[in-house]
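Report on the structure given below.
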Amino acid sequence: MSSSSRFEPKIVGFICKWCTSAAADLAGVSRLKYQPNVVSLRVMCSSRVDPEHILQAFKGGADGVLVGGCHPGDCHYQVGNYQTRKRIMMLLEILKDMGISPTRLRLEWISASEGAKFQDTMNEFINTIRELGPLGLKVK
Amino acid sequence: MSKPKVALYWCSSCGGCEESVVDLAQDILPVTSAVDIIFWPVAMDFKYSDIEVLQDGEIAATLINGAIRMDEQEHIAKLLRKKSQLIIAHGSCAHLGGVVGLANFYKREDVLGEAFKEVPTVKNPKGILPQVKTEEAGRELELPALHDTVKTLDQVVQVDYYIPGCPPPPELIKNAFAAILENKLPPKGTVLAEKKALCDSCSRKESKPDKIKLSKFKRLYEVEWDPEKCFLEEGIICLGPSTRDGCGERCIKANFPCRGCFGPTDEVLDQGAKSLSYLASLIDSDDEEEVKKIIDSIPDMAGLFYRYSLASSILRGNINRGTK
Ligand code: SF4
Ligand code: FES
């Protein structure tokens, strides 16, 4: 990468099948474009995302991680997203001690009908991380 | 036939692991009569040159305790690796980084500054820090260099087996020696303790309800001692669910919750993340602000969840970071 070229962040998205992933599909069929910096992994519920997965994503080279689930009260498994929120809140505290900016981990509620919100959120998150720069972890 | 040769060495550790060998008491006798201890700096007078002259693989088994954070330790660990058939990581620090691994939350300079300048018991007006080379009365003195990162033994050399614990119970050391002598060792890479989590054998597990809901994390002094009750049920953080069993519940029996010195089970990659995960789900609130308050009732969360395993965790601490 030459120094003049723009830093392209790598983002991992863990998105739940019932809401955020459906929103991603809706964005797709509606031809709503967003920057191609995200690799999205569909999970059954946002609460399936173990904090270990997020740490592994960072270690594996992700500059940012976005977890997407259903709005509070709407989780297909009723309370999954509440569990997710508690875990992410705790993990954010841990990340600070690990020297990783909490900005790099984001939790968003995006419902199946919110294709435009999916587009906006991704673009906005990618831009934020691009501005923040590469995470540059040096653990092997 | 000559007896198999055994070596013991210590790196960054507190000496507790050495003590755990001494704690074998009379059980050490069958061991010492069956093997030749050819190197054990803490107990007997040997020189590094005694190791250097050995053939490669001449030592049957070497137990190394302590984390690796100085170049001398790394050098000797590599030397012993070459000369030994088996290398056994002895205790939490060699296995996981241990308590000394918590230094990975800080930069090397901060660690040195704190120890040699900041602590109130130190008087160091010139701010002198340990140097690798110093001139003193016309002579050059040399000290081992401190690495910027604390490493587990297996981040430096290949390790064949692990004896967990801070320090390991003598029973596990005895079993390990027996397995070596009788050639009954499990597959390489095995942690020589139980497979399941501590809760599985915990004497308090019967009282653990199916669902635990916590509105506050408490500290020991806030609850009355009830030797029957699961700590988690009382709101006290216990790392039993994410920690390997095999310690004989030494802490639990002394009314102290598990702090994770046996490290994670085979299925767990990151003991801290796993602990966070189950503890978060016990929080009895869906209200963001209230959840925040409950989380804030845990003092030094990262230091608690990674007390013994930071250096072996996925991120290994706050080290070598390019950016934030
Ligand atoms: S959480 Fe702690 S006290 Fe409770 S059963 Fe597990 S090890 Fe025992
Ligand atoms: S199914 Fe979407 S958050 Fe649980």
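The values are calculated or read from the model by the stated rules, or taken from the named source; none is laboratory data. Everything numeric here is computed off the predicted structure, so don't read it as measured data. With ideal geometry, Cβ positions are generated from the backbone for all residues, glycine too; neighbour counts draw on all protein chains shown. Note: areas computed on protein heavy atoms with side chains; ligands, DNA, RNA excluded. Shrake-Rupley method; radii C 1.70, N 1.55, O 1.52, S 1.80 Å.
At-a-glance table
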{"item": "Pairs beyond 32 Å (Cα-Cα), from A:LYS59/B:LYS47; B:LYS83/B:LYS126; B:LYS184/B:LYS211; B:LYS123/B:LYS151", "result": "A:LYS59/B:LYS47; B:LYS83/B:LYS126; B:LYS184/B:LYS211"}
{"item": "Cβ-based net charge around B:GLY263, under 14 Å, with every Lys or Arg adding one and every Asp or Glu removing one", "result": "0"}
{"item": "Whole-angstrom gap from region B:208-252 to region A:31-63, using each part's C-alpha centre", "result": "33"}
{"item": "Neighbour net charge for B:ASP36 - beta-carbon separation under 9 angstrom, K R +1, D E -1", "result": "+2"}
{"item": "Candidate lysines - alpha carbon under 22 Å from B:LYS205, same-chain residues fewer than 8 apart omitted", "result": "B:LYS195, B:LYS196, B:LYS213, B:LYS216, B:LYS218, B:LYS229, B:LYS253, B:LYS274"}
{"item": "Listed residues B:CYS251, B:CYS166, B:CYS261, most fluctuating in chain B (Gaussian network, C-alpha, under 10 Å)", "result": "B:CYS251"}
{"item": "DSSP beta bridges in chain B [antiparallel fraction, %, rounded to 5]", "result": "30"}
{"item": "Global geometry of the protein assembly as shown, whether rounded, prolate or oblate, following the gyration tensor of its Cα atoms and the 1.5 cut on a/c", "result": "prolate"}
{"item": "Accessible surface of region B:173-324, 1.4 Å probe, proportion on carbon and sulfur as whole %", "result": "49"}
{"item": "Rounded to 5, the percent of DSSP beta bridges in the protein assembly as shown classed as antiparallel", "result": "20"}
{"item": "Cα gyration tensor category, rounded, prolate or oblate, for region B:114-266 with a/c compared to 1.5", "result": "oblate"}
{"item": "Around B:CYS202: net Lys/Arg minus Asp/Glu count, Cβ-Cβ under 13 Å", "result": "+1"}
{"item": "Shielding by partners - mean other protein chain Cβ count within 10 Å, residues of B:266-273", "result": "4"}
{"item": "In the A-B interface, the accessible area buried, summed over both sides, Å² (probe 1.4 Å)", "result": "3100"}
{"item": "Surface share of carbon and sulfur [accessible, 1.4 angstrom probe, percent] for chain A", "result": "52"}
{"item": "With all protein chains modelled, accessible area of B:GLU267 [1.4 Å, Å²]", "result": "140"}
{"item": "Cys residues of chain B counted as unpaired, since no other Cys beta-carbon is under 4.7 Å", "result": "B:CYS11, B:CYS14, B:CYS17, B:CYS93, B:CYS199, B:CYS202, B:CYS230, B:CYS238, B:CYS247, B:CYS251, B:CYS258"}
{"item": "Protection proxy ranking of B:92-101, B:57-66 - average other beta-carbon atoms within 10 Å, highest first", "result": "B:92-101, B:57-66"}
{"item": "Label point distance in nm, B:GLU228-B:ASP200, each placed 7 Å from Cα along Cα→Cβ", "result": "2.7"}
{"item": "Gyration tensor verdict on region A:18-130 (Cα atoms; rounded if a/c is under 1.5, prolate if a/b is larger than b/c, oblate otherwise)", "result": "oblate"}
{"item": "FRET efficiency, B:LYS216 to B:LYS123 (Cβ-Cβ, R0 35 Å, nearest 0.05)", "result": "0.25"}
